[in-house]
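Accompanying notes for the structure given below.
The values are calculated or read from the model by the stated rules, or taken from the named source; none is laboratory data. Note that this is a predicted model, so its numbers are computed, not measured. For neighbour counting, all protein chains shown are included, and Cβ atoms are generated from backbone atoms with ideal geometry for every residue, glycine included. Note: areas computed on protein heavy atoms with side chains; ligands, DNA, RNA excluded. Shrake-Rupley method; radii C 1.70, N 1.55, O 1.52, S 1.80 Å.
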Amino acid sequence: MADQLFPVPPVKYGSLRVGGMTLEQSPFAETVSLGAFLGAGRDELVNRIHEMFGVILPEHPRAVHAADGRCTFLWNGPGQWLAIAVEGLGLLSRLREVCGDVCALTSQSDSRAILKLSGPNVREVASRLVPIDLHPRVFGKDHVASTLAGHIPVIIWQTEDAPTYLFLVFRSLAASLFHDFSVALNGLSYSETDSCV
Amino acid sequence: MRLTCPSCGSRGLEEFTYRGDASVRRPAADASEQAWVDYVYLRDNPCGRHQELWYHGAGCRSWLVVTRDTRTHEIFDVRNARDVALTERQTDAGQGEIA
Ligand SMILES: [Zn+2]
């Protein structure tokens, strides 16, 4: 008998609460990358997605939500996007039907984990690791950016005005990123250290 | 030093990798040996403006053509290498300097 494979979460800790802020793993999402083929592929892809999902794929680093609210498209480079949906939607097969002939579709569900950072002061916490400007004047709700958190490549996506951030991170680096954020969170909070004194 | 990526905006140097002189062009297949030696091995070391390739590996993964002053690191221009190559192909000026 072959050994059975058991799914292991990318980060073994559940969630971390510091100073009213929460760092947690976002529930598993189906993720598919879309890369438009050369030539007319790009325009045709934009048309098909518009017809089927009711959104225009963004030309700039933004997130747009399908009209039915069940799927989101993130800009992921020129002519490239990431589609994200809750598990069980059958996102890849649905996209294959809609636009499989005009773009490269690859399942990325197993490649990335998603960490969610929410609560007061998370902009300051995120700014400790991410070198881009997160000021609300330039980075707001549904803005995304591919950048580095410390030395770890991430896609940062602000999902709420409050703000709340999602970090899409390569799965094998998720535990390191979780650790880095736990340090950043504790460095900012007074409560944890105060109570230790 | 910071570069303003056409897709991502102003980003720090740590997100980019230098990928060499952007002004060299591949000679014709039947070009002289000397032309190929120039293309493969020989590079100028300009003092001042230089056109160079940078790769935005930690961002949008675009190749960029950056015009930089090698003395001051002043950046004059950042363009998508893809656009530069397509423009060149259209104007059929593939052998010379980038306009
Ligand atoms: Zn970029």
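A single entry from A:56, A:49 fulfils the requirement of being free of Cβ contacts under 8 Å to residues at least 12 places away in the same chain and under 28 Å from residue B:56 (Cβ atoms): A:56.
Within the stretch A:112-134, being under 22 Å from residue A:62 (Cβ atoms) and open to solvent by 40 Å² or more (accessible area, probe 1.4 Å) holds for A:112, A:116, A:123, A:127, A:131, A:133.
Counted as qualifying within the stretch B:33-91 are the strands (runs of 3 or more DSSP E) with 2 or more residues that are within 12 Å of the ligand (Cβ to nearest atom) and free of Cβ contacts under 8 Å to residues at least 60 places away in the same chain, namely B:49-55. Does residue A:138 satisfy being surrounded by fewer than 17 Cβ atoms within 10 Å (Cβ to Cβ), closer than 25 Å to residue A:59 by Cα and within 14 Å of chain B (Cβ to nearest Cβ)? For residue A:138, the condition - surrounded by fewer than 17 Cβ atoms within 10 Å (Cβ to Cβ), closer than 25 Å to residue A:59 by Cα and within 14 Å of chain B (Cβ to nearest Cβ) - is met.
For the stretch A:150-163, the candidate set comprises residues that are buried (at least 23 other Cβ atoms within 10 Å of the Cβ) and more than 12 Å from residue A:122 (Cα to Cα); within that set, the residue that is farthest from the other protein chains (Cβ to nearest Cβ) is A:157. The residue of the stretch B:1-35 that is nearest to the other protein chains (Cβ to nearest Cβ), among those that are over 30 Å from residue A:62 (Cβ atoms) and open to solvent by 70 Å² or more (accessible area, probe 1.4 Å), is B:26.
Condition check for residue A:74 on (1) exposed (fewer than 15 other Cβ atoms within 10 Å of the Cβ); (2) within 14 Å of the chain's Cα centre (by Cα); (3) within 14 Å of chain B (Cβ to nearest Cβ): one failure, at (1). Looking only at the stretch A:90-103, decide whether some residue is within 18 Å of the chain's Cα centre (by Cα), in the same structural domain as residue A:47 (by TED's automatic domain parsing) and touching a residue at least 40 places away in the same chain (Cβ under 8 Å). Yes, the conditions are met somewhere in the stretch A:90-103. Annotation: of all residues in the stretch A:66-77 being at negative phi and without any contact (Cβ under 8 Å) to a residue 40 or more places away in the chain, the one that is nearest to the ligand (Cβ to nearest atom) is A:73. Does residue A:30 satisfy being more than 14 Å from chain B (Cβ to nearest Cβ) and assigned to a helix (DSSP H, G or I)? In short, no.
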